[in-house]
Amino acid sequence: MPQPSTVWKPIPFPDSRKQEMLTYAEEHYGLHTFRLVHPQAIVEHFTVTTTFDPVYNTFAANTPDLGELPGTCAHFVIDTDGTIYQLVPMDLMCRHTVGLNYTAVGIEMVGESDRDILDNPQQLTAALNLTLWLMQRLHIQLRNVLGHNESLTSPLHMELVSSFRCQTHQDWNHADMEIFRRGLARLAARFGVSLGPPATPVDSGC
């Protein structure tokens with residue numbers, strides 16, 4: 001699977017933000033690091049915007065989210081024309097999915113719903129190409145390609161702060177992710193990328 005064309009457009013991630021990420025990881029995951037080491041999941045999101053610039057500005061601003069720093073971010077953002085922007089190196093944790101930030105690469109897609117992306121061939125193709133390339137490069141199985149809305153049912157979900165434990169979002173629900181994963185499976189067959197065993201969702205208790 002060839003690496004898709006990507007535009008490097010980094011957000012500010014100085015030492016102060018890395019320290020904030022380390023503090024967050026200690027509190028929420030019991031990990032003394034801001035590094036994303038051997039990621040096991042990819043989480044798909046949509047931005048709830050119609051353009052790229054507000055997304056970049058929000059991630060770059062590093063304003064508190066849910067009362068905590070660092071602010072939210074994602075490693076990649078895919079614009080409506082299919083342009084893939086990389087905002088953060090893949091060896092840094094980003095706050096994009098409660099319970100999975102310690103082990104997940106985050107992909108945002110500019111749009112206001114799952115359907116916006118599914119109905120946009122350029123953007124959907126870019127999302128599938130990027131996701132499969134990441135799966136191949138990072139040895140991530142299809143069962144761990146998740147929509148944000150599926151986060152609580154992932155066996156990888158881990159959250160030590162009780163008030164955060166059941167927190168998730170509406171973006172990329174299970175039905176739409178099944179469509180997305182079927183597209184990934186077809187693309188994987190073309191390039192001989194292994195998909196791994198079927199998913200085994202867990203009961204979140206939420």
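Read-outs: derived from the displayed coordinates by stated rules, not from any lab. As the structure is a prediction and not an experimental result, all values here were calculated from the model. Cβ sites come from the backbone with ideal geometry, for glycine too, and all protein chains shown count toward neighbours.
Couple of notes before you dig in:
- For the chain, the residue among H139, Y24, W8 whose Cα projects farthest onto the positive side of the dipole built from Cβ charges is H139.
- For the chain, the 222 nm mean residue ellipticity estimated from helices alone, with every DSSP H stretch of n ≥ 4 adding -39500 (n - 2.57) and the total spread over all residues, rounds to -10000 deg cm²/dmol.
- Listed by Cβ neighbour count within 10 Å, with the fewest neighbours leading, D119, D15 appear as D15, D119.
- Theoretical FRET efficiency, 1/(1+(r/R0)^6), r = Cβ-Cβ of A175 and T49, R0 22 Å, to 0.05: 0.45
- Our estimate of slack between S5 and A189, defined as 0.36 nm per intervening residue step minus the Cα-Cα distance, is 64.1 nm.
- Positive-end extreme of charge dipole, segment 7-191 - chosen from T97, M177, C166 (charges on Cβ): M177
- Among G192, G183, G82: highest mean-square fluctuation, GNM of the chain, C-alpha pairs under 10 Å: G192
- The amide H of L31, built 1.01 Å from its N in the peptide plane, has E26 as neighbours under 5 Å, considering only residues 5 or more places off or on other chains.
- FRET efficiency estimate (nearest 0.05) - Cβ-Cβ, A60 to H38, R0 22 angstrom: 0.20
- Cα lying deepest toward the dipole's positive end in segment 7-191, options I117, P155, L66, charges on Cβ: P155
- Scaling against 2.2 N^0.38 Å puts the C-alpha radius of gyration of the chain at 0.95.
- Each label was represented as a point 7 Å from its Cα along the Cα-to-Cβ direction; for E68 and Q19 these points are 1.8 nm apart.
- Remark: the chain carries a charge dipole of roughly 720 debye about the Cα centre, counting +1 on each Lys and Arg Cβ and -1 on each Asp and Glu Cβ.
- Modelled spin labels at L92 and M158, positioned 7 Å past Cα toward Cβ, are 2.2 nm from each other.
- Label-to-label distance, D119 versus E27, with points set 7 angstrom from Cα along the beta-carbon direction: 4.0 nm.
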